[in-house]
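Coordinate-derived values only; no laboratory data. Everything quoted here is computed from the prediction, not taken from an experiment. Don't worry about glycine lacking a Cβ; one is built from the backbone with ideal geometry, like all the others, and counts go over all protein chains shown.
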2 protein chains.
Amino acid sequence: MGFQETFKALSDKTRREILEKLKGGRMTAGDIASNFNMTAATVSHHLAVLRDSGLISDEKVGKNIYYELDLSVVDEILGWIAGLGGDRNEKQ
Amino acid sequence: MGFQETFKALSDKTRREILEKLKGGRMTAGDIASNFNMTAATVSHHLAVLRDSGLISDEKVGKNIYYELDLSVVDEILGWIAGLGGDRNEKQ
């Protein structure tokens, strides 16, 4: 896992929208599917890509699997991107 | 152009390294190639992807073309990613 998988995961609009939904808290695949008018298979694919990239994690609670943002990975890429602007922003 | 192209551009390690080099200021394709032990054609390809994604811009100065970071696009994706963590970070 690395930035490569993370940025590839982020390059898809639907996956970015899923991440935005998860800002509100953990959701099941069913909750997410009902927000997007997608089939369960499509949602499942996107969630797998997001999980493999480290951007989300899953947790089994009773009979349900909940997905939530992994803010440690969000923070890592945030730090890298912020670093790009750092030197110049200081000069302005 | 949109986030899709930007994140795809960022998913490549060499392109991320080129962006890091450009933090120090504008460079020609030749400057960049000499830093990476890559052929001119490879450098040219990566620079085209980065330019099409909006992450860098080019400017002709005399006989040279200089490439530099476009911080407006860097700021846009920074803002979007920072937004993912916003709500929860406030609760911690």
Handout entry: Members of the stretch B:18-35 found to be under 22 Å from B:Phe7 (Cβ atoms) and out of contact with any strand residue (DSSP E or B) (no Cβ under 6 Å at 6 or more places or on another chain), listed by number
Key = B:Ile18, B:Leu19, B:Glu20, B:Lys21, B:Lys23, B:Ile32
Problem - Selected residue (only one of B:Ile32, B:Ile65 is surrounded by fewer than 17 Cβ atoms within 10 Å (Cβ to Cβ) and more than 10 Å from every other protein chain (Cβ to nearest Cβ)) - result: B:Ile65
Exercise for the section: Can you run down the residue pairs with Cβ atoms below 7 Å, 6 or more apart or on separate chains, where the first is in the stretch B:51-66 and free of Cβ contacts under 8 Å to residues at least 40 places away in the same chain and the partner is of a type in the set (Asp, Glu) and assigned to a loop (DSSP other than H, G, I, E, B)? Expected result: B:Ile56/B:Asp70; B:Ser57/B:Asp70
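One line per residue, one yes/no per condition, for (1) over 11 Å from the mean Cα position of the chain (by Cα); (2) within 8 Å of another protein chain (Cβ to nearest Cβ); (3) hydrophobic (A, V, I, L, M, F, W, C):
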position	(1), (2), (3)
B:Phe3	yes, yes, yes
B:Lys21	no, no, no
B:Met38	yes, no, yes
B:Ser53	no, no, no
B:Glu59	yes, no, no
B:Leu69	no, yes, yes
B:Ala82	yes, yes, yes
Exercise for the section: Just give me the residues in the stretch B:1-47 being more than 20 Å from A:Gly85 (Cβ to Cβ) and in contact with a Leu (Cβ under 8 Å, 6 or more places away or on another chain), in sequence order. Expected result: B:Ala29
Completion exercise
Checked the stretch A:5-58 for anything in contact with a helix residue (DSSP H, G or I) (Cβ under 8 Å, 6 or more places away or on another chain) and part of a loop (DSSP other than H, G, I, E, B); matches are A:Ser11, A:Asp12, A:Lys23, A:Gly24, A:Met38, A:Thr39, A:Ser53, A:Gly54, A:Leu55
